[in-house]
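In what follows, a single structure is set out as structure tokens and then discussed.
The values are calculated or read from the model by the stated rules, or taken from the named source; none is laboratory data. For clarity, every value in this text was computed on a predicted model and none was experimentally measured. Note that each Cβ is placed from the backbone with ideal geometry, even for glycine, and that neighbours are counted across all protein chains shown.
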Amino acid sequence: MDPRVKSARNAENSSTDKLRSVRDDVVQCIQCDLHKTRTNVVVGSGNHNADIMFVGEAPGEEEDKQAVPFVGAAGKVLDKMLASIGLKRDDVYICNTVKCRPPQNVDPTDEQKSECSSYLTRQIEAVQPKVIACLGNHATKSIMELFGCVDKIAPISKIHGQVFMPDPLFIANSLGMGEQAMAEVKIIPIYHPAAMLHNPPIAEHLRRDFKKLEEAIK
């Protein structure tokens, strides 16, 4: 077997094993009160070695029913935007900052996001994406905080489509631990697909933002 093929298969097996471990832990998780009202946990789906990782805020009603992220109306918008740059769901990895649906789709609390943050970190470390696309304000804030970019946090209307790198201290610490992928990841905030459902003119911003994603992985 070609050593490069063998290496790729080993990497895929490793990321899959890590993501299965995350799934198993999330299924058993009772760290916050969301476990009391969820129908299913919504861990993530897609390519375990994707170049682009999409991170949303929290599961909605349909996601809670099907245990799959972005399967409602916003998911259809996401599918169209992916198709606009020649990609499908199977080409990317999709997850949320919070793995259980907040009742009535209210915003997750800081405590709930904090309890789930380790799962999100493990997913990023497993997939090792080149780009993390933050869908909306809440996901952007969580990812920016995770990568030490607190001073860069701003409303999505101000920073969508911009490319950010992790904080220099985060980069140094990641390289020191041999986590080069974490140190080199690009962070691109974009409008949440649901925003287009309420404000159709945002569609053009979304298309341009997705073009930025396409350029960032070349």
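Worth a mention:
- Lone qualifier among Lys158, Lys141, Lys113 - being among the basic types (Lys, Arg), at pLDDT below 95 and in a helix (DSSP H, G or I): Lys113
- Filtered residue count, segment 92-127, keeping only those that are farther than 21 Å from Glu61 by Cα, among the polar types (S, T, N, Q) and surrounded by fewer than 21 Cβ atoms within 10 Å (Cβ to Cβ): 4
- Every residue from segment 19-65 that is acidic (Asp, Glu) and assigned to a loop (DSSP other than H, G, I, E, B): Asp51, Glu57
- Filter result for Val68 (within 28 Å of Glu215 (Cα to Cα), in a loop (DSSP other than H, G, I, E, B), modelled with pLDDT of 95 or more and touching a Ser or Thr at 6+ places or on another chain (Cβ under 7 Å)): yes
- Near pairs, Cβ below 9 angstrom, 6+ apart or cross-chain, from segment 90-103 (closer than 19 Å to Ile143 by Cβ) to any residue that is of a type in the set (Phe, Trp, Tyr): Val92/Phe54; Tyr93/Phe54; Ile94/Phe54; Ile94/Phe70; Cys95/Phe54; Cys95/Tyr119; Asn96/Phe70; Lys99/Tyr119
- Any hit, segment 149-159, residues being closer than 26 Å to His205 by Cα, crowded, with 20+ Cβ neighbours inside 10 Å and not β-branched (Val, Ile, Thr): no
- Residue within segment 173-193 that is basic (Lys, Arg) and touching a residue at least 12 places away in the same chain (Cβ under 8 Å) present: yes
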